[in-house]
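Each remark here refers to the structure printed beneath this line.
Coordinate-derived values only; no laboratory data. These figures come from a predicted structure and were not determined experimentally. All Cβ positions, glycine included, derive from the backbone under ideal geometry; neighbour counts span all protein chains shown.
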Amino acid sequence: MPKEVQTAADGRVFTPEMQADIKTTQKYMFNRILMLAAPALMAWYYYGGRALWVLAVAALFAMVCEYIGMRLVGAVPALRDLSAVVTGVTVAMLLPASSPIWVVLLAVSFAVLAVKVPFGTARTLLFSPAAAGVAFVTVSLPQYVFAYPVLPDGGASVAVYGSEGFSLGISMTQMLKTGTSMGSSPASYLDVLIGNVTGPMGAGCGIALLGALLFLAVRAKKGFTAAVSCLLAAALYALLFPRITTGRLQSVFMELSGGMLLFAALFLLPEEAILPKHFWGRVAYGAAAGLVTMLFRRFGAFEEGAVFAVLLCNALTSAFDKLPEARFETRAKRLARRKKREAQELAASPLTEQGGGADV
């Protein structure tokens, strides 16, 4: 066997191409884990030890599902690329901390076995696995997905949905659905920023998520373009068509801070394997996701539609990629075209022709 071909302990063979893909994917997924660290810590702070338990079980179960799924389709499992871990943690972060563990496992298994494994590796995806997993349980079990608990007091662990100690809270997306304002006091805004509000386990702390946005701006500029375009489109829609009567700006704040929108823009939409290749394609891709999310929120059957918007835009990635070629032209291309035209005009000028004849 050639030296460049590595063999794992269980006999799996990794070619140089597979090794390179695993290394690249591992680096990308490690950055995603760093982004997820702050929201995970805030989930632990507000919901207690159960939050960490759910995250750990989701990550481990995602790895088990990927190993079994890859074996069933005859592919080589590559768990060390960390993509299964990221998928499991991302799914769990979008669900209530009080979710029964079987609901989390159902969402994770669908994400990995139905969406991730059939398309090969994390670099050949057509849809965001985490978005698909959450969308699946949203359609089949909405009573669990939107049963957000009241934050427990004193660092206590949150009770499981349906148990004796469970208390149902009201999220901002539920308030927006009914046209209820969160109030205009500075304390209300501060609670939203630090995550002291009811909502998905990992999508409540605005400051932690803004830190992830800054990380994208520094380490993943392509994903940052799509995320910012999504948030700007959603903000513009909220400004033009507010769902509360206490002010347009407060409507924008509630729409961006509530539910899954901000988390989806940062962790679901910028999937490296799915993003359009061109700048304007990514801008349109993100803007469409933000607009469709707002339309689902206003007219959809559920209070939240960010995951459905992400999946729809995933399906249209190739169409977004054609936009730069059809309608837009970058500055570099304009300059290159201008220089080419000037060179052609200079070559065709009479002085150039005469000079050429004299030289001959």
Fill in the blank from the handout: Among MET42, PHE241, GLY88, the residue whose Cα sits farthest towards the positive end of the charge dipole of the chain (+1 at Cβ of Lys and Arg, -1 at Cβ of Asp and Glu, taken about the Cα centre) is PHE241
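For the range 1-169, would you read off the P(r) tail past 25 Å as a percentage of all alpha carbon pairs?
Within the range 1-169, distances greater than 25 Å cover 36 percent of Cα pairs.
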Handout entry: Size of electric dipole in the range 174-346: Cβ of Lys, Arg +1 and of Asp, Glu -1, about Cα centre, debye, nearest 20
Key = 900
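Mean 1/r over all different Cα pairs, inverted: what Kirkwood radius does the chain give, in Å?
22.1
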Exercise for the section: Calculate I(q)/I(0) for the range 174-346 by the Debye formula, one identical point scatterer on each C-alpha and no solvent, and give its log10 at q = 0.12 Å⁻¹ to two decimals. Expected result: -0.58
Problem - Simple Cβ-charge dipole of the range 34-157, Lys/Arg +1 and Asp/Glu -1, about Cα centre, in debye nearest 20 - result: 240
Fill in the blank from the handout: Among the DSSP H helices of the chain, those whose Cα atoms extend at least 27 Å along the helix axis and whose mean Kyte-Doolittle hydropathy is 0.0 or higher are 49-72, 221-240, 279-299
Handout entry: Whole-Å distance, taken between Cα centres, linking the range 44-97 and the range 132-153
Key = 17
Practice task
State the answer as a single residue: which of MET70, ALA159, VAL54 lies farthest towards the positive end of the charge dipole of the range 1-169, with beta carbon charges of +1 for Lys and Arg and -1 for Asp and Glu, about the Cα centre.
Solution key: MET70
Handout entry: Fully extended contour minus Cα-Cα distance, from LEU72 to LEU34, at 0.36 nm per residue
Key = 10.6 nm
Completion exercise
Taking the dipole of the range 1-169 about the Cα centre (Lys, Arg +1; Asp, Glu -1; charges at Cβ), the one of PRO149, VAL112, LEU125 that reaches farthest to the positive side is LEU125
Problem - Residue with peak Gaussian network fluctuation, the chain [Cα springs, cutoff 10 Å], from THR124, THR90, THR317 - result: THR124
Problem - Listed pairs LYS277/LYS339; LYS221/LYS322; LYS277/LYS340; LYS222/LYS339; LYS23/LYS339 exceeding 32 Å between Cα atoms - result: LYS23/LYS339
